[in-house]
Structure formats: structure tokens, C-alpha cells
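Read the structure below first, then the notes.
The values are calculated or read from the model by the stated rules, or taken from the named source; none is laboratory data. It should be emphasised that the depicted structure is a prediction, and the values quoted were computed from it without experimental measurement. All Cβ positions, even for glycine, are placed from backbone atoms using ideal geometry, and neighbour counts span all protein chains on display. Please note that ligands, DNA and RNA were not included when accessible areas were found on the heavy atoms of the full protein model with its side chains. Shrake-Rupley method; radii C 1.70, N 1.55, O 1.52, S 1.80 Å.
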Amino acid sequence: MQASGLWPLALGGAALFAALMLALAARGGITYARGGRTYVGFVGISAVAMMDLLASVFYGPGEAFRYVGYDAMFYLVLTAVLIALYAFSMTEIAEVLEGLGQKGGGVYTLTYLVFGRTLSMVAVASILVDYVNMAALSAVSAVENAAAVFGLLAPIKLPLALAIVWLLTALNLAGIRTNVWTTFAVFLFLGVTLVAAVMLGAGALDGAATGRIQAGLLRPAATFGERGLVPALGALVVGVGSTILAYSGIETVLQTQKVVENWQTIRQAYRFLVVLNGLLIPAVGILALAHVPDPGAHVEGLVATYALEVGGAPMAVAMILAAALALAFAMNTAFVGGTELITVIAERYGLAALLRTNRFGVHHRIILFLAGAFTVLILITAGSANLIADMFAIGLLASFVLNLLGLVTFRITEGYARMRRYRTSLAKNLFLIVAFFAAFVYVASSKPHGTALWAAAAASLVALGAAAARWWADPDARYERRYQTVDELLSALAARPAGRLDVRFARPREYVPADGREVVITLSPLRLRPPKRRGPGHFILSYSNLWGTVQEMEAILAKIRAAFPDRPLVVHFGWPLSSWWDRLSMGFVVHRLLMLPKRFRDVEFHIDYLPPAKRRHRP
């Protein structure tokens with residue numbers, strides 16, 4: 001139902017949105033220079049990510065309707081809440097990575113530091129598959145939306161989709177500043193159009209549309225109790241898995257950490273996205289499903305049909321143009337995120353050929369590689385949006401799960417003593433892992449083409465990572481020479497006077513006695529720069545997996561015991577001064593630590609504390 005009298009309200013809302021965005025941009029929120037470098041501000045990063053997120057609204061609600069009908073309204077809201085919770089976890093990951101001296105790479109860097117090379121390459125495959133699918137689907141959907149209005153002939157659709165790919169390639173080759181400002185202009189037009197459409201749709205609600213909204217929002221929750229626990233959980237998994245497409249792009253903000261000044265910019269961008277997308281995407285999707293009489297007949301052009309219903313031809317034309325631009329520039333999100341991801345990988349493996357830049361300072365070879373990948377997928381699928389959509393969302397959900405697993409593992413093993421300015425609930429993160437993994441299983445089982453593509457990409461990249469480590473640079477060996485070895489430790493113990501051996505395990509920032517009475521061991525992750533050695537009796541030993549700190553202690557103690565079976569061994573640990581919250585979060589590690597006396601029954605274990613005033617003059 002059209003409501004011409006609502007146009008002033010719609011235009012006023014759109015003008016208010018535009019004024020707010022321009023005010024944020026004027027405060028240096030897009031790009032700014034500092035210290036001889038150009039940084040992207042939180043509005044600029046948000047605009048890049050928003051292209052994918054807001055483009056998803058043009059196909060996400062329609063795809064969700066195909067699977068769950070009007071219940072998609074409820075799941076659009078539920079998934080928005082889950083994505084908001086996930087965005088807060090991504091902010092914590094940004095602070096953790098920056099605190100560890102790492103910027104860029106996102107899910108790849110986190111999984112590499114926590115789990116090692118193999119699983120990190122699975123993470124790379126997940127995010128790259130998502131980017132390639134999203135870029136191809138965006139180009140094809142942009143052409144399909146234009147064809148719905150302008151009646152394009154079938155033979156020219158595929159060339160047009162490829163032309164969009166290479167037009168965006170040219171934009172990315174022109175440099176990050178040009179890219180971000182152009183993307184912001186498109187984002188501004190898109191936001192103004194969607195806000196106006198929401199105003200018109202909300203004002204034009206009649207009894208039938210209101211009834212559909214009430215049923216779509218309330219019926220799923222009401223039927224959960226009737227279905228029983230297992231069927232209700234199954235319905236939730238199907239619903240979230242069916243609507244997750246509408247929120248693709250949320251991961252890109254973390255991927256762009258190299259082009260922002262610090263992790264606080266990432267935090268601002270995620271707050272911005274949570275508010276804007278938490279309102280716009282569910283609102284547009286719900287109103288489109290409510291106003292269009294038969295959504296199933298307009299899956300690919302649902303939002304354009306909705307605009308025609310509530311605003312007539314002028315609104316429909318504006319929406320078609322917005323859809324075409326949004327879908328085309330969603331590919332830009334893939335270019336920016338993919339380039340930053342591959343750049344970090346190339347730096348870590350010493351692939352200098354990929355790191356060459358053009359006169360605008362961009363890694364043109366990586367951009368051309370991505371453009372080629374997008375082109376190949378479009379050609380393989382013959383520009384079929386349905387076939388590409390069938391391969392979507394699997395990599396996205398896999399990257400969600402791996403990100404959260406890395407964060408939870410890091411916090412369980414390392415606690416909150418470091419990087420604690422921003423923290424999220426461990427229980428919340430575990431809940432999200434279960435929710436996203438269940439959705440991953442559902443999507444993987446229902447989209448065999450996508451599962452095959454993701455599995456093939458993961459296997460290929462694991463093999464390529466092993467080859468690159470062998471023939472170029474092994475990232476695991478980067479700091480290897482800066483660590484001491486267990487053999488050096490045993491030699492130092494053998495040189496000590498006869499009698500008992502005192503060994504102390506000290507954390508990287510813990511007090512290390514300088515009187516030489518004890519041999520001090522500090523364990524540090526192999527993939528990070530080791531802490532500074534504080535004397536000849538201080539040994540920095542590496543371990544390869546964050547789950548393995550206590551396991552590494554057990555192995556070291558076993559070797560000491562085997563080398564010196566007849567000498568008394570006393571093992572010292574520092575008194576735990578962390579909060580109860582930290583100790584609860586590290587419960588798995590603490591439990592294994594407390595079980596050490598059961599394995600080494602002939603070893604003395606001490607937990608002691610030396611006041612600061614006595615540390616310089618130990619008796």
C-alpha cells in the first residue's frame with residue numbers, strides 16, 4: 001500500500017541520517033593522516049564493511065523466506081542479536097592481537113598464534129571462500145536487480161557481471177584513500193534510500209501487514225514450547241542458518257586492522273555497525289516480507305518490490321539503483337578484507353613477490369589475484385545467483401567458530417592479566433561457539449556444493465602453507481634462535497653443585513630471582529617474540545600450542561628427572577595474585593597444574609611469595 005502523504009516524513013528521516021553521517025565524517029571518521037601515515041577512521045571502516053552487510057538485505061530476507069517462510073522475521077532479529085554479541089568478541093580479539101604485537105590478518109593471525117599453521121590455513125580458506133562467494137554473488141545479483149527494471153537481455157548479463165568485477169578492481173588499484181571515500185559516498189546514498197524506505201513502510205502498515213509481522217515475530221517463540229526441546233533447538237539452528245546471509249561482512253572490520261591506528265578504532269566501528277545494522281537490516285527485511293503479498297515469487301527482487309509497493313515508481317527506481325550499487329560495492333569489502341589477509345600471510349611466509357606495490361602504495365598483485373578468483377567463479381557458475389548462493393555462508397560460519405575458539409582458548413590459558421581493557425564473557429563466547437557450530441553443521445549438510453568448495457579450499461591451502469614453509473620461510477622458525485633449548489637447561493643443571501636442584505617456573509612478567517640459587521624457566525609461545533632473558537640462569541623455552549603449557553612443564557620435568565634420578569628436585573611456582581575471575585577462566589590449566597604432584601611423586605612442589613622489599617636481598 002502506497003502512502004504518498006508520508007513522503008515528508010521519509011525525506012526528513014533520510015536527511016537526518018545524511019546529516020549525522022556527514023557530521024561523523026567531518027570529525028575525521030573516514031581517513032586521516034598522522035605520523036606520516038594515512039589511517040582509516042571508524043566511519044570509513046564501517047562504510048567498507050557496511051557495503052557487504054547492507055547489500056545482504058537485498059537477497060538475505062528473500063533467501064531466508066525460501067527456507068522458513070514468515071518466521072524469517074523472528075530469525076532476522078535473533079540473528080542480529082547473535083551478530084551483535086559476536087561483534088563484541090571481535091573487538092576483544094582486536095585488543096588481544098594488538099597487545100601481542102600483531103596487526104592484521106584477523107581470524108588467520110589469531111588461529112595461527114593459538115593453534116598453529118594447519119588450522120590457521122583452514123581459517124584462511126574459510127574467509128577467502130566467503131569473500132570469493134560474496135564477491136561473485138554481489139556482481140551477479142547487481143546485474144539481476146538492474147535487469148528486473150531495465151529488461152536486460154540474457155546474453156549481456158554475464159559480461160556486465162564481469163565488468164563490475166574489473167571496475168571494482170580498478171578502484172582498489174587506485175589506493176585505499178580513494179577507495180574508502182568513494183565507498184562512503186555510495187554508503188551514504190544507500191543509507192538514505194533504506195531509511196526513507198523504512199519510514200514509508202512503517203507508515204503504510206495496514207491490518208494485513210501488521211498481522212504478518214505479529215505472526216512472523218511471535219509464532220516461532222510460541223511454538224517452541226509445543227515442539228519440545230530438541231525440535232525447538234533444531235528450528236533455531238535452521239532459522240539462524242537461513243538468515244546468517246543477511247549479516248555477511250561483519251568479519252571484515254577485524255581483517256582491516258592494519259589500516260587503522262589502533263584497536264579502539266575497531267571498537268568504534270563495531271559499535272557503529274551493531275547499532276546501524278541491528279536496526280536497518282531487520283527493519284527492511286521485516287517490512288519487505290510484510291508488505292509484499294507473495295514474497296516467495298520475488299525472492300531475488302524482494303526489497304525492490306517492497307519499495308514499489310510503499311513508494312511507487314520513484315522509490316522503486318531509487319531502490320534498484322541503491323541495490324545495484326550496494327551489491328557491486330559489496331565486492332569492495334571482499335577486495336579490502338582479502339588484500340589485508342593475503343598481505344599478512346605473504347609477510348609471514350616471505351612471499352616478497354606478492355608484496356610489491358604500485359605507485360598508489362597498494363599490493364596490486366594480490367588485488368589482481370582476487371579479481372581473477374572472482375572472475376573464475378562467475379564463469380564456472382555461468383553467472384547463476386542460485387548456484388553461487390548455494391555455496392555461501394559455510395566459510396562465514398567456519399570463520400566465526402574459529403575466531404571464537406581462538407579467543408576462548410587464549411583466555412582460558414592466558415587469563416586476563418594481559419590485554420584486559422576490553423573483555424567479554426567466557427560463557428557468552430562458549431554459547432556463540434555452540435550456536436554458530438550448529439548453524440555450520442546445518443548449512444554444510446544442506447549446501448553440498450559450498451561444503452565441497454570449502455573443504456577443497458581448506459585442503460589446498462594447508463598443502464600450500466606446508467610448501468611455502470619449506471621453500472620460502474617457515475613462520476614457526478622466525479624466533480627459534482632466540483629461545484634456549486632443553487639440552488642447554490640440562491647442561492646448566494649438571495654444572496650446579498651437588499645436592500638438590502631448585503627449578504622455578506616463572507611467567508613472562510613475573511619476578512625472576514637474580515641470586516642464582518634457582519634455575520628459572522619461562523615458557524613462551526613459539527610464534528611470538530620471546531621475553532627478555534634476565535640472566536644466565538634464566539631459560540626461555542618455547543611451546544607450540546596454547547593448550548600445552550602444563551604439558552610442556554610435564555615434559556621438561558620428566559627430562560630433568562630422567563637426567564638426574566638421584567638428586568632431589570624442588571619445583572617452585574609463584575604465588576597466584578590474579579583475580580578469582582582469572583583463575584576461574586583458567587580452571588582447566590589450574591586443574592592440570594595441581595595434578596603435577598600425582599605424576600611426580602618424588603618431587604617437592606612449592607608455591608611461594610617474596611615481598612617486593614625482600615626481593616633484592618634474599619637470605
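At pLDDT 85 or above, β-branched (V, I, T) and open to solvent by 10 Å² or more (accessible area, probe 1.4 Å): does that describe V124? No; evaluated as a whole, the condition is false for this residue. Screening F224 against (1) free of Cβ contacts under 8 Å to residues at least 24 places away in the same chain; (2) aromatic (F, W, Y); (3) more than 30 Å from S445 (Cβ to Cβ) leaves a single unmet condition, (3).
The stretch 185-269 holds helices (runs of 4 or more DSSP H) entirely within its bounds, and those carrying 1 or more residues that are open to solvent by 50 Å² or more (accessible area, probe 1.4 Å) and farther than 30 Å from I30 by Cα map to 207-227, 229-243. Check whether at least one residue in the stretch 478-501 is of a type in the set (D, E, K, R), touching a Ser or Thr at 6+ places or on another chain (Cβ under 8 Å) and over 18 Å from P565 (Cα atoms), and report yes or no. Checking the stretch 478-501: at least one residue is of a type in the set (D, E, K, R), touching a Ser or Thr at 6+ places or on another chain (Cβ under 8 Å) and over 18 Å from P565 (Cα atoms). Considering only the stretch 351-362, I want to know if a residue exists there that is buried (at least 22 other Cβ atoms within 10 Å of the Cβ) and assigned to a helix (DSSP H, G or I). For the stretch 351-362, residues buried (at least 22 other Cβ atoms within 10 Å of the Cβ) and assigned to a helix (DSSP H, G or I): absent.
If the condition is being farther than 28 Å from A469 by Cβ and open to solvent by 30 Å² or more (accessible area, probe 1.4 Å), then the stretch 518-536 contributes R534, P536.
Is there a residue in the stretch 84-104 that is of a type outside the set (G, A, S) and within 24 Å of T210 (Cβ to Cβ)? Before the answer, list the steps.
Applying the first criterion (of a type outside the set (G, A, S)) to the stretch 84-104 yields 85-86, 88, 90-93, 95-98, 100, 102-103.
Cutting the leftovers down to within 24 Å of T210 (Cβ to Cβ) gives us none.
No, there is no match, as no residue in the stretch 84-104 is of a type outside the set (G, A, S) and within 24 Å of T210 (Cβ to Cβ).
When each of L158, L167, L173 is tested for being in contact with a Gly (Cβ under 8 Å, 6 or more places away or on another chain), over 12 Å from A324 (Cα atoms) and at pLDDT 80 or above, the lone residue that passes is L158.
Could you please find all residues in the stretch 543-557 being open to solvent by less than 40 Å² (accessible area, probe 1.4 Å), under 31 Å from the mean Cα position of the chain (by Cα) and touching a residue at least 60 places away in the same chain (Cβ under 8 Å)?
Step one: list which residues in the stretch 543-557 are open to solvent by less than 40 Å² (accessible area, probe 1.4 Å), which gives 543, 546, 548-550, 553-554, 556-557.
When the remaining residues are screened for being under 31 Å from the mean Cα position of the chain (by Cα), the result is 543, 546, 548-550.
Of everything in the stretch 543-557, those that are open to solvent by less than 40 Å² (accessible area, probe 1.4 Å), under 31 Å from the mean Cα position of the chain (by Cα) and touching a residue at least 60 places away in the same chain (Cβ under 8 Å) turn out to be L546, T549.
Note on the stretch 153-177: among residues that are part of a helix (DSSP H, G or I) and free of Cβ contacts under 8 Å to residues at least 12 places away in the same chain, the one that is most open to solvent (accessible area, probe 1.4 Å) is P155. Residues that are more than 18 Å from K258 (Cα to Cα) and either in the same structural domain as A208 (by the TED database) or among the hydroxyl-bearing types (S, T, Y) (or both) occur at least once in the stretch 331-346. Within the stretch 488-500, can one find any residue that is open to solvent by 30 Å² or more (accessible area, probe 1.4 Å), within 32 Å of the chain's Cα centre (by Cα) and without any contact (Cβ under 8 Å) to a residue 24 or more places away in the chain? Looking for residues that are open to solvent by 30 Å² or more (accessible area, probe 1.4 Å), within 32 Å of the chain's Cα centre (by Cα) and without any contact (Cβ under 8 Å) to a residue 24 or more places away in the chain, one finds none in the stretch 488-500, hence no.
Take the residues in the stretch 36-82 that are touching a Lys or Arg at 6+ places or on another chain (Cβ under 7 Å) and in the same structural domain as E340 (by the TED database); name whichever of them is most open to solvent (accessible area, probe 1.4 Å). Filtering first and then ranking leaves Y70. Within the stretch 278-289, is even one residue open to solvent by 20 Å² or more (accessible area, probe 1.4 Å) and at pLDDT below 85? Yes, because at least one residue in the stretch 278-289 is open to solvent by 20 Å² or more (accessible area, probe 1.4 Å) and at pLDDT below 85. Examine the stretch 343-363 for a residue that is without any contact (Cβ under 8 Å) to a residue 60 or more places away in the chain, under 14 Å from I176 (Cα atoms) and polar (S, T, N, Q), and state whether such a residue exists. Among the residues of the stretch 343-363, at least one is without any contact (Cβ under 8 Å) to a residue 60 or more places away in the chain, under 14 Å from I176 (Cα atoms) and polar (S, T, N, Q), which makes the answer yes. Residues in the stretch 600-619 that are surrounded by 11 or more Cβ atoms within 10 Å (Cβ to Cβ), modelled with pLDDT of 85 or more and outside any strand (DSSP E or B): F600, V603.
Can you tell me which residue among A398, A382, A417 is modelled with pLDDT under 90, part of a helix (DSSP H, G or I) and among the small types (G, A, S)? Can you show your working first?
Working: A382 fails: part of a helix (DSSP H, G or I); A417 fails: part of a helix (DSSP H, G or I).
Among A398, A382, A417, only A398 is modelled with pLDDT under 90, part of a helix (DSSP H, G or I) and among the small types (G, A, S).
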